[in-house]
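A short worksheet on the structure shown next.
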Amino acid sequence: MTDGAGSHPDAPGWSRTRIAGLRRTEAAAALRLLGGEAPLHLDWPDAAPPKPGDPRFERTADRLATWCRARDIRRIAVTWDGEPHCDHEAAAALADAVARRIAVRLYHYVVWGWTVADVVERVRRHRVVSIDTAAARPQQRRAMACHRSQRGGRIVGAAENFRLPDRMLRLLDRPTTLLLEIPVRREHSIAPDYFEALYKDKGDPWDFETSAYEAAKYAETLAALPQPRFANALEVGCANGVLTTQLGSRCDALLSVDVSPTALASARARCANQPNVTIEQRRLPDEAPEGIFDLVMLSEVVYYWDSADIVRLAGYLRGAVVSGGYVMLVHWIGETDYPKSGDEAVAELHAALDDRVAVVRSDRHEAYRLDLWRLEGAG
């Protein structure tokens, strides 16, 4: 990321340009041994990386996001953001910025951070993924040996001779590599292909069909409905239809929509014997259906939208919900990598609807919240 040119100041015969060139050569050799492709050099100045908000930082984040999309990168591993090293901190900030631009998982690994007094306590705050790398240790050692300039070789006579201490090199002897899973909030509403990929890959990615937690949550949701039956209801984000078929038994007509064709195929099969249930592929708020509804079900969906789309959804609900009709929201309140947390999603939609909302109930359970609103003067 940074060019490494400041590692050996005033070394005879070694200009910053020459040192940066050597560091490039060493990095390329190490990556070849590890099976990686040629490195992409960002050429930020050593020990002086730009910070978030700096145009250079944002341009680089855009460039890397484009690079990752072109290669279908799904995971990024980067130095821990608690590292006592400005370049490593900057790398973590850059990876975070890239992860917010695209749908990828972000992991941190600790290097210099093992010298931090409270590192164990701080690491425990994250979900830790342990990878068995014992078989790769010989390969890792050979790759590390490529970095001769950081091990006391090649460059001599500098005012300061940087050299990796032995205690850091001994980290290569560990049989496992620890990665910290870092939740990253996406900046924009999540695109349909994210959900379609999940359903195609896993079938039932959130275990709606088998989870005791989901079954209990659905029972609470249906029990919280303010009347036994509704004339015309809209369910946004019906997924594979597990809640849909139960909600359909409480409605004269139910329109259930989702963005994933794979999930919708399951929902249609599950509701095949319910002629009052219509299932369509739609992405709200862009493809909001026409009609007036006395119930809108928003179960585990609002936090997938960014602030702009939540405002647009509120505008739609003002005209689509009959005066005195209801909006039911159910959302996970744990940590997410979505544009909003469950609490933020509910709060922003409430603010966007403003004085139209009369709160009927707001129940907080251990893992989720359930909110029922009556919309006054809507429709």
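The values are calculated or read from the model by the stated rules, or taken from the named source; none is laboratory data. Keep in mind the model is a prediction, meaning the values are calculated, not measured. No Cβ is skipped: glycine too gets one built from the backbone with ideal geometry, and neighbour counts run over all protein chains shown.
Numbers below:
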read-out: Answer from 100, 23 - the residue that is touching a residue at least 24 places away in the same chain (Cβ under 8 Å), crowded, with 18+ Cβ neighbours inside 10 Å and under 24 Å from the mean Cα position of the chain (by Cα); value: 100
read-out: Residue match in region 96-116 (condition: touching a Ser or Thr at 6+ places or on another chain (Cβ under 6 Å), not in a helix (DSSP H, G or I) and not aromatic (Phe, Trp, Tyr)); value: yes
read-out: Criterion (exposed (fewer than 13 other Cβ atoms within 10 Å of the Cβ), among the small types (Gly, Ala, Ser) and at pLDDT below 90) met by exactly one of 47, 38; value: 38
read-out: Residue, farthest from residue 312 (Cα to Cα), within region 368-379, restricted to residues that are at pLDDT 95 or above and in contact with a helix residue (DSSP H, G or I) (Cβ under 7 Å, 6 or more places away or on another chain); value: 368
read-out: Pairs, first without any contact (Cβ under 8 Å) to a residue 24 or more places away in the chain in region 204-215, second surrounded by 15 or more Cβ atoms within 10 Å (Cβ to Cβ), C-beta under 8 Å, six or more apart; value: 205/198; 205/199; 207/214; 210/204
read-out: Some residue of region 248-260 being among the polar types (S, T, N, Q) and within 22 Å of the chain's Cα centre (by Cα); value: yes
read-out: Residues satisfying the stated conditions in region 334-356, i.e. modelled with pLDDT under 95 and either touching a Pro at 6+ places or on another chain (Cβ under 6 Å) or β-branched (Val, Ile, Thr) (or both); value: 335, 336, 337
read-out: Subset of region 295-333 that is in contact with a Pro (Cβ under 6 Å, 6 or more places away or on another chain) and without any contact (Cβ under 8 Å) to a residue 40 or more places away in the chain - its residue that is surrounded by the most Cβ atoms within 10 Å (Cβ to Cβ); value: 313
read-out: Candidate set from region 38-79 (those that are part of a helix (DSSP H, G or I) and among the polar types (S, T, N, Q)); member that is farthest from the chain's Cα centre (by Cα); value: 60
read-out: The one condition in (1) more than 25 Å from residue 111 (Cβ to Cβ); (2) within 17 Å of the chain's Cα centre (by Cα) that residue 183 fails to fulfil; value: (1)
read-out: Checking residue 176 against (1) assigned by TED's automatic domain parsing to the domain that holds residue 114; (2) surrounded by 12 or more Cβ atoms within 10 Å (Cβ to Cβ); (3) of a type in the set (Ser, Thr, Tyr), the condition it does not meet; value: (2)
read-out: Odd one out for residue 123, checked against (1) modelled with pLDDT under 90; (2) loosely packed, with under 12 Cβ neighbours inside 10 Å; (3) within 21 Å of the chain's Cα centre (by Cα); value: (2)
read-out: Test for residue 24: is it in a helix (DSSP H, G or I), within 22 Å of residue 156 (Cα to Cα) and touching an Asp or Glu at 6+ places or on another chain (Cβ under 9 Å); value: yes
read-out: Residues (part of a helix (DSSP H, G or I) and under 20 Å from residue 304 (Cα atoms)) located in region 319-369; value: 342, 343, 344, 345, 346, 347, 348, 349, 350, 351, 352, 353
read-out: Filtered residues of region 183-219 (kept if among the polar types (S, T, N, Q) and over 27 Å from residue 366 (Cβ atoms)); value: 189
